[in-house]
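Colleague: Okay, handing you the structure first.
The values are calculated or read from the model by the stated rules, or taken from the named source; none is laboratory data. Since we're looking at a predicted model, the values are computed, not measured. Glycine also receives a Cβ, built like all others from the backbone with ideal geometry; neighbour counts cover every protein chain displayed.
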Ligand SMILES: CCC1=C(C)/C(=C/C2=NC(=C\c3[nH]c(/C=C4\NC(=O)[C@H](C)[C@H]4CC)c(C)c3CCC(=O)O)/C(CCC(=O)O)=C2C)NC1=O
């Protein structure tokens with residue numbers, strides 16, 4: 001896993017150079033948003049279950065996936081879906097803190113699409129639920145931190161699609 005700092009340093013090191021202006025600017029904006037990130041992470045962790053619940057209510061409840069024959073039908077599959085959404089929220093929060101997507105590639109997206117396809121988990125509905133979490137989260141943490149979280153929710157969605 002990388003973060004904004006190691007990623008900037010690694011790419012300078014590969015070239016055997018000190019950090020250039022662009023690299024410094026990246027670090028500056030990462031440090032300048034540090035407090036925002038930490039505050040957002042603590043609001044999200046205190047409200048994680050409520051975020052998932054509201055996102056499910058907005059996007060999946062009473063849709064085809066929750067009806068008999070749908071992929072969320074039966075309590076076991078419903079619970080698996082809620083658990084997956086909680087993974088996406090938690091790992092997006094880690095990635096937002098790190099300012100880097102690598103943790104999502106390594107721990108969430110690796111093999112996920114294949115797993116979903118083989119189990120018939122609908123990617124379209126999953127993407128809708130993640131987009132609903134993005135809205136609910138932004139409502140809670142405010143526009144700036146919400147935009148930052150949005151980067152990582154969107155990254156998961158494009159990795160699934
Ligand atoms: C931390 C990284 C990580 C991820 C991301 C992960 C996902 C993940 N979700 C799974 C299943 C599942 N995922 C869903 C999810 C959904 N079905 C729907 O209709 C909804 C649209 C959607 C929720 C948004 C369901 C229902 C299953 C169970 C499918 C089945 O067994 O038939 C499975 C198969 C094994 C299992 O059931 O636990 C995995 C590996 N596991 C991990 O360790």
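Colleague: Checking the condition crowded, with 17+ Cβ neighbours inside 10 Å, closer than 25 Å to residue 62 by Cα and modelled with pLDDT of 95 or more, which residue from 140, 119, 112 passes?
Modeller: Going through 140, 119, 112 in turn, just one is crowded, with 17+ Cβ neighbours inside 10 Å, closer than 25 Å to residue 62 by Cα and modelled with pLDDT of 95 or more: 140.
Colleague: Hey, another quick one. Among the residues of segment 55-63, is any within 10 Å of the ligand (Cβ to nearest atom) and within 27 Å of residue 7 (Cβ to Cβ)?
Modeller: Within segment 55-63, none of the residues are within 10 Å of the ligand (Cβ to nearest atom) and within 27 Å of residue 7 (Cβ to Cβ).
Colleague: Another question, if that's okay. Among the numbered criteria (1) more than 8 Å from the ligand (Cβ to nearest atom); (2) within 15 Å of the chain's Cα centre (by Cα); (3) farther than 16 Å from residue 141 by Cβ, which one does residue 112 miss?
Modeller: (1)
Colleague: Check off (1) farther than 22 Å from residue 53 by Cα; (2) within 8 Å of the ligand (Cβ to nearest atom); (3) in contact (Cβ under 8 Å) with a residue 60 or more places away in the chain for residue 120 and give me the number that stays unchecked.
Modeller: Among (1) farther than 22 Å from residue 53 by Cα; (2) within 8 Å of the ligand (Cβ to nearest atom); (3) in contact (Cβ under 8 Å) with a residue 60 or more places away in the chain, residue 120 violates only (3).
Colleague: Can residue 91 be described as closer than 30 Å to residue 35 by Cα, modelled with pLDDT of 95 or more and part of a helix (DSSP H, G or I)? Break it down into steps so the answer makes sense when it comes.
Modeller: Numbers: closer than 30 Å to residue 35 by Cα: yes; modelled with pLDDT of 95 or more: yes; part of a helix (DSSP H, G or I): yes.
Considered against the rule, which asks whether it is closer than 30 Å to residue 35 by Cα, modelled with pLDDT of 95 or more and part of a helix (DSSP H, G or I), residue 91 comes out as yes.
Colleague: Let me confirm something: among 108, 52, 38, 8, which residue is part of a helix (DSSP H, G or I) and under 17 Å from residue 132 (Cα atoms)? Even if it seems obvious, please write down each step before you answer.
Modeller: Details: 108 fails: under 17 Å from residue 132 (Cα atoms); 38 fails: under 17 Å from residue 132 (Cα atoms); 8 fails: under 17 Å from residue 132 (Cα atoms).
Testing whether each residue is part of a helix (DSSP H, G or I) and under 17 Å from residue 132 (Cα atoms) leaves just 52.
Colleague: Another question about this same structure. Taking segment 73-89 as the region of interest, how many residues are in contact with a helix residue (DSSP H, G or I) (Cβ under 7 Å, 6 or more places away or on another chain), near the ligand (Cβ under 8 Å from one of its atoms) and in contact (Cβ under 8 Å) with a residue 40 or more places away in the chain? First the steps, then the outcome.
Modeller: Looking only at segment 73-89, we keep the residues that are in contact with a helix residue (DSSP H, G or I) (Cβ under 7 Å, 6 or more places away or on another chain), and these are 73, 82, 85-89.
Right, trim to near the ligand (Cβ under 8 Å from one of its atoms) and you get 82, 85, 87-88.
Applying the additional criterion that residues be in contact (Cβ under 8 Å) with a residue 40 or more places away in the chain yields 85, 88.
Within segment 73-89, residues that are in contact with a helix residue (DSSP H, G or I) (Cβ under 7 Å, 6 or more places away or on another chain), near the ligand (Cβ under 8 Å from one of its atoms) and in contact (Cβ under 8 Å) with a residue 40 or more places away in the chain number 2.
Colleague: Checking residue 93 against (1) near the ligand (Cβ under 9 Å from one of its atoms); (2) buried (at least 17 other Cβ atoms within 10 Å of the Cβ); (3) farther than 17 Å from residue 56 by Cα, which test does it fail?
Modeller: Looking at each condition in turn, residue 93 falls short on (1).
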